[in-house]
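*Asks:* Here it is: the structure, laid out below.
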Amino acid sequence: MSTVKLGRTGSTVVVDLEVCVKTGLPTRETVTINGSTTPPWVSFLLLITVLGYLFASAMASQKFRVTLPFTHAVYDRWKQGRRRAWLLGIVGLMGLVLALVASDGDAGAGVGASVVVIVVALVVGMSNGRRHGVGIVATRHDDLVVTRVHPSFAAAVRESVAEPLVG
C-alpha cells in the first residue's frame, strides 16, 4: 500500500480522479470522510500522562474533509467491519462488567473470556481498517496524508499534480 499527500490539515480536499483509492479500479463513486487529526507528537504524551494527552489532542487537533474516489462496495465493507468490531467490543465490556458484578469472588473465567472478546474486537477492527479502509494523518509540517491507498491511485494523484494547469 502507498501513501499520498493531498493538502494541508484544516482544509477541505476534493480528489477529482476516477481511480478508486482502495482498489485502483476505475470508479465514478466518491465518499466524503470527515474527521480530525492530531500531530504525531501528541501520541508520545500517553507515555507520560493521559490527561495531558487528552488536553493536547483537544487543543492541537485539526478538522479535515476529504472527498475521495471510493468504490461504495469496499467502503461499505469497511464501515460494516467497523460496526462489527465496535459491537464485539461492547459485548466484551458488558461481559466484563457482568462478570465482575455478578461474581461471588470468583470472576476469573468470566473476566478472562471478556478480555479475550475485547482483544478479538481490537484485532478485527485493526485488520478491517488495514484491509478495507484508508488512514488520514497529519505530518509535523501540517500536511494531510492519506495512507493505505492503492498504488494505482497514488500514481494517478502524482500524475494529476504533475500536469500543467491550462487557463
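*Asks:* When you look at residue 148, is it open to solvent by 30 Å² or more (accessible area, probe 1.4 Å), farther than 14 Å from residue 1 by Cα and not in a helix (DSSP H, G or I), yes or no?
*Replies:* Judged against the criteria, residue 148 is not a match.
*Asks:* Further, regarding this structure: Considering (1) at pLDDT 90 or above; (2) open to solvent by less than 100 Å² (accessible area, probe 1.4 Å); (3) more than 16 Å from residue 135 (Cα to Cα), say which one residue 87 fails and leave the rest.
*Replies:* (2)
*Asks:* Do you know which residues across the stretch 7-28 are over 19 Å from residue 74 (Cα atoms), of a type in the set (Ser, Thr, Tyr) and in a loop (DSSP other than H, G, I, E, B)?
*Replies:* Within the stretch 7-28, 9, 11 meet the criteria.
*Asks:* Please verify whether residue 142 is surrounded by 14 or more Cβ atoms within 10 Å (Cβ to Cβ) and modelled with pLDDT under 90, treating the condition exactly as stated.
*Replies:* yes
*Asks:* Let me ask something additional. Check whether at least one residue in the stretch 44-60 is under 26 Å from residue 148 (Cα atoms) and touching a Cys at 6+ places or on another chain (Cβ under 8 Å), and report yes or no.
*Replies:* No: zero hits.
*Asks:* Just to check your reading of the model, which residue among 64, 70, 153 is more than 20 Å from residue 19 (Cβ to Cβ) and aromatic (Phe, Trp, Tyr)?
*Replies:* The conditions single out 64.
*Asks:* Among the residues of the stretch 1-42, which ones are of a type in the set (S, T, N, Q) and closer than 15 Å to residue 133 by Cβ?
*Replies:* Of everything in the stretch 1-42, those that are of a type in the set (S, T, N, Q) and closer than 15 Å to residue 133 by Cβ turn out to be 2, 3, 23, 32, 34, 37.
The values are calculated or read from the model by the stated rules, or taken from the named source; none is laboratory data. This one's a predicted model, so the numbers in the text were calculated from it and none came from an experiment. Methodologically, a virtual Cβ is constructed for each residue, glycine included, from the backbone with ideal geometry; neighbour enumeration extends over all protein chains shown. Heavy atoms of the whole protein, side chains included, go into the accessibility calculation; ligands, DNA and RNA do not. Shrake-Rupley method; radii C 1.70, N 1.55, O 1.52, S 1.80 Å.
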